[in-house]
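The values are calculated or read from the model by the stated rules, or taken from the named source; none is laboratory data. The model shown is predicted, which means the values in this text are computed figures rather than measured ones. No Cβ is skipped: glycine too gets one built from the backbone with ideal geometry, and neighbour counts run over all protein chains shown.
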Amino acid sequence: MSSKAIYPGSFDPMTYGHMDIIRRSAEIFDELTVSVLNNVNKTALFSVEERVNILKEATKDMKNVKVESFQGLLIDYARSKDIHVVIRGLRAITDFEYELQIAQTNRKLSGETLDTMFLTTSLEYAYLSSSSVKEIASFGGNIEACVPDFVAKQIYDKYKVTR
Ligand code: PNS
């Protein structure tokens with residue numbers, strides 16, 4: 001049986017921190033599905049389609065990585081794909097409480113069929129977050145260490161920033 005995992009998130013937009021987790025999980029599992037949450041309650045800078053396209057472009061050379069989007073509960077989506085492992089990245093202790101709660105909720109709600117595995121973010125990306133990248137870019141700051149160039153361009157375009 002081949003091993004499969006889902007890496008869910010908002011990815012608004014994807015950063016080098018996310019790419020690091022994707023690359024490392026794709027080495028551990030036979031098949032990795034990166035899935036963008038289509039959250040109607042949250043305003044995002046990028047549409048779901050734009051976020052999916054960014055992830056597809058960034059992972060185009062990773063043959064065992066698929067990019068999709070989902071709506072609703074993660075446990076239902078995982079069940080529909082017969083996937084039993086969720087991947088999440090942990091940057092710092094501040095992530096831990098939130099992630100622990102989600103992981104335990106998902107395990108309970110799924111009847112203990114969905115487990116979460118955490119990868120610790122590589123140190124060089126531990127400070128990164130999509131929110132801080134957006135804030136820096138919105139004021140015309142340099143985000144080249146945070147996201148690939150093609151993503152940086154799209155973020156600056158959203159804020160009508162020329163650099
Ligand atoms: O990148 P994010 O915003 O930290 O990702 C959060 C995500 C998408 C993993 C989480 O919000 C999620 O899985 N939402 C789907 C709804 C759900 O299943 N909620 C139950 C768990 S509390």
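Which of the residues spanning region 91-121 are among the basic types (Lys, Arg) and exposed (fewer than 14 other Cβ atoms within 10 Å of the Cβ)?
Result: Lys108, single match.
Which pairs turn up if I take residues in region 41-59 that are at pLDDT 95 or above and look for partners that are surrounded by fewer than 14 Cβ atoms within 10 Å (Cβ to Cβ) with beta carbon separation below 7 Å, at least 6 apart in sequence or on another chain?
Glu57/Phe150
I'm trying to understand the selection: among the residues of region 40-85, which are small (Gly, Ala, Ser), assigned to a loop (DSSP other than H, G, I, E, B), closer than 30 Å to Lys153 by Cβ and within 11 Å of the ligand (Cβ to nearest atom)?
Across region 40-85, the qualifying residue is only Ala44.
Of all residues in region 7-22 being in a helix (DSSP H, G or I) and closer than 16 Å to Phe118 by Cβ, which is nearest to the ligand (Cβ to nearest atom)?
Here the residue is His18.
Tell me, please, whether a residue that is touching a residue at least 24 places away in the same chain (Cβ under 8 Å) and part of a loop (DSSP other than H, G, I, E, B) can be found in region 97-109.
no
Before we move on, is Lys81 over 17 Å from the mean Cα position of the chain (by Cα), in contact (Cβ under 8 Å) with a residue 24 or more places away in the chain and under 24 Å from Arg24 (Cβ atoms)?
yes
So Arg88 fits all but one of (1) surrounded by fewer than 15 Cβ atoms within 10 Å (Cβ to Cβ); (2) outside any helix (DSSP H, G or I); (3) within 14 Å of the ligand (Cβ to nearest atom); what number is the exception?
Every listed condition holds for Arg88 apart from (1).
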